[in-house]
Each structure stands twice: as structure tokens, then as C-alpha cells.
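S.K.: Structure incoming, see below.
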Amino acid sequence: MNYQSVVSAFTILTVFSCVQVWGHRPIEAEEQPDRYDRALNIDRPDVSQVYYGTLEVERPQVWFRFEGKENQEIYFSVGVPVIDRLKYYRPHIALIGPGLPGPGIEAGELPFQVPSNLEGEIYYSHKEPRFFHEHFTDTESWIHIEVTRRLPRSGTYYLVAFTPNDPKPGDKLWLAMGTKERFKLRDFFVFRRWKREIQTFHETR
């Protein structure tokens, strides 16, 4: 093995170690998934992935869509960057799909259109958020909601993070799903860009 190969191997191993610290793979989209017919399709809801959304007053939502199986356990969370103007911003999450809402879970009228014949359950930002420092990107977030939910039926589900009322310019949040870390070789070549874009989203650069 020549010197260049050793350096390349070392670089890849270094990136692998960063991935283990990081966890969530960013989801990139050509347009904002601001309603159910533009929802981001999640092929593997068990895989750890995150979408960073800068919201607009007219489009204060971020939507995921996935196929779920009865009794399948899913994890999802929502957070916001640690930015002074977002200190009192409280996003909510709605899970929409067959067999919902479940017993003992709050149901409410959603402030947006949902697919016909489906209902949902709402998870509110009631408590103080959990502070989180992400080491790889050196960014900080307030995590407002973390949920592990067993699906009641098989079918198409939607996950939507949204501003509950009076959206303001500059609102932003991230919506994450899944716990299994899965990265592809081609991801190694875009890590620096991801890091730069995530820091820009958090307004640290």
C-alpha cells in the first residue's frame, strides 16, 4: 500500500468515526415539504435521518410520509436551533394515519389539510426543551419532543412538524426520524458541505 492509499484509508476511518458521533443523515429536497402532497417519502423510517426546515408564514409545516406495519415501533423528534429569537418557539408534531388517535393520546383539530379518511394525534411542546450539543457540526439545539410509538395498523402514515399558531418570519425547526445509523460511501464526499449548511441553518456561521 502506497502513501496516498494510507492517507485515503485514514481519512475514511476518520469520517467513519465522525459518523458514529453524528448519527442523523440529512435529507435533501428540491422543494419544501410543506403539505401532505409534497411530503418527503421515507423509505426506511427506522434509519436515523433529519430534515432541516426554514419555515415561512404561509408554509409553517414540514411533512414526512412512510409505509408502516402493524406493531412497528417508530421514533421521531423535533427540535429548533439555539437562537435567541426561537427561545419561546414551541413547534408541535402530528402523526397521521390509520387507527389513530390511540387511546390516552391527545387528539385535536389540525390547522392544515390532511389526506381524506385519516386522523391523527398531536404531540405538544408542553415541557422545557432538552439542550443538545451536536459534536460533529458543533451546533446546539433545543429538543422539544421525542416520541417512540408503536403503530396500530399497517398503511400509509404522515408525520408533520408545524408551527401551532401565529407563525413568524425566521421560524425554523428540524424533524428527525429513526435510530439506526446508515451512511453510504458517497456521503463521505459531501460531509463538509453538510456541516457548512447545518451550521448556516443554526446561524453559527
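The values are calculated or read from the model by the stated rules, or taken from the named source; none is laboratory data. The structure presented is a predicted model; accordingly, all values stated were derived computationally and were not measured. FYI the Cβ positions are ideal-geometry reconstructions off the backbone, even for glycines, and counts take in every protein chain you see.
S.K.: Determine if region 194-201 includes at least one residue that is in contact (Cβ under 8 Å) with a residue 24 or more places away in the chain, crowded, with 17+ Cβ neighbours inside 10 Å, more than 15 Å from the chain's Cα centre (by Cα) and under 20 Å from Leu95 (Cβ atoms).
M.R.: no
S.K.: Which of the residues spanning region 16-36 are under 17 Å from Glu197 (Cβ atoms) and at pLDDT below 50?
M.R.: Cys18, Val19, Trp22
S.K.: In region 122-133, how many are modelled with pLDDT under 90 and either assigned to a strand (DSSP E or B) or surrounded by 13 or more Cβ atoms within 10 Å (Cβ to Cβ) (or both)?
M.R.: Qualifying residue count, region 122-133: 1.
S.K.: Continuing with this model, one more query. Of the residues that sit in region 144-161 and are under 15 Å from Ser125 (Cα atoms) and not β-branched (Val, Ile, Thr), which one is surrounded by the fewest Cβ atoms within 10 Å (Cβ to Cβ)?
M.R.: Glu146
S.K.: How many of the residues making up region 162-180 are over 20 Å from His126 (Cβ atoms) and among the β-branched types (Val, Ile, Thr)? Quick ask: steps written out before the conclusion?
M.R.: First pass over region 162-180, keeping only residues over 20 Å from His126 (Cβ atoms): 168-170, 172, 177-180.
This time we only want the ones that are among the β-branched types (Val, Ile, Thr), so: 179.
So the count comes out to 1.
S.K.: Without any contact (Cβ under 8 Å) to a residue 24 or more places away in the chain and of a type in the set (D, E, K, R), is that true of Glu119? Give the steps one after another, and end with the answer.
M.R.: Working: without any contact (Cβ under 8 Å) to a residue 24 or more places away in the chain: yes; of a type in the set (D, E, K, R): yes.
Yes, satisfied.
S.K.: Can you tell which of Leu86, Leu173 is closer than 26 Å to Trp194 by Cα and in contact with a Lys or Arg (Cβ under 8 Å, 6 or more places away or on another chain)? Talk me through it step by step, then tell me what you get.
M.R.: On the way: Leu173 fails: in contact with a Lys or Arg (Cβ under 8 Å, 6 or more places away or on another chain).
Going through Leu86, Leu173 in turn, the sole match is Leu86.
S.K.: Just the residues that are among the aromatic types (Phe, Trp, Tyr), modelled with pLDDT under 85 and surrounded by 13 or more Cβ atoms within 10 Å (Cβ to Cβ), please, taken from region 164-193.
M.R.: Let us first name the residues in region 164-193 that are among the aromatic types (Phe, Trp, Tyr), namely 174, 183, 188-189, 191.
Within this subset, residues satisfying the condition of being modelled with pLDDT under 85 are 183, 188-189, 191.
Phe183, Phe188, Phe191 - these are the residues of region 164-193 that are among the aromatic types (Phe, Trp, Tyr), modelled with pLDDT under 85 and surrounded by 13 or more Cβ atoms within 10 Å (Cβ to Cβ).
S.K.: Consider region 141-170. How many of its residues are acidic (Asp, Glu) and either within 27 Å of Glu70 (Cα to Cα) or under 15 Å from the mean Cα position of the chain (by Cα) (or both)? Show your work before the answer.
M.R.: Of all residues in region 141-170, those acidic (Asp, Glu) come to 146, 166.
Within this subset, residues satisfying the condition of being either within 27 Å of Glu70 (Cα to Cα) or under 15 Å from the mean Cα position of the chain (by Cα) (or both) are 146.
Within region 141-170, residues that are acidic (Asp, Glu) and either within 27 Å of Glu70 (Cα to Cα) or under 15 Å from the mean Cα position of the chain (by Cα) (or both) number 1.
S.K.: Name the residue, out of Lys180, Lys195, Lys127, Lys172, that is within 18 Å of Arg35 (Cα to Cα) and basic (Lys, Arg). I'd like the intermediate steps shown before the answer.
M.R.: Values: Lys180 fails: within 18 Å of Arg35 (Cα to Cα); Lys195 fails: within 18 Å of Arg35 (Cα to Cα); Lys127 fails: within 18 Å of Arg35 (Cα to Cα).
On inspection, the qualifying residue turns out to be Lys172.
S.K.: A further question on this structure: Return only the number of the condition from (1) among the acidic types (Asp, Glu); (2) at pLDDT below 95; (3) under 23 Å from Asn41 (Cα atoms) that Glu146 does not satisfy.
M.R.: Among (1) among the acidic types (Asp, Glu); (2) at pLDDT below 95; (3) under 23 Å from Asn41 (Cα atoms), the lone unmet condition for Glu146 is (2).
S.K.: Six or more apart or on different chains, Cβ under 8 Å: which pairs go from a residue in region 38-67 that's more than 24 Å from Thr137 (Cβ to Cβ) to one that's assigned to a strand (DSSP E or B) and among the basic types (Lys, Arg)? Could you list them?
M.R.: Pairs found: Ala39/Arg65; Asn41/Arg65.
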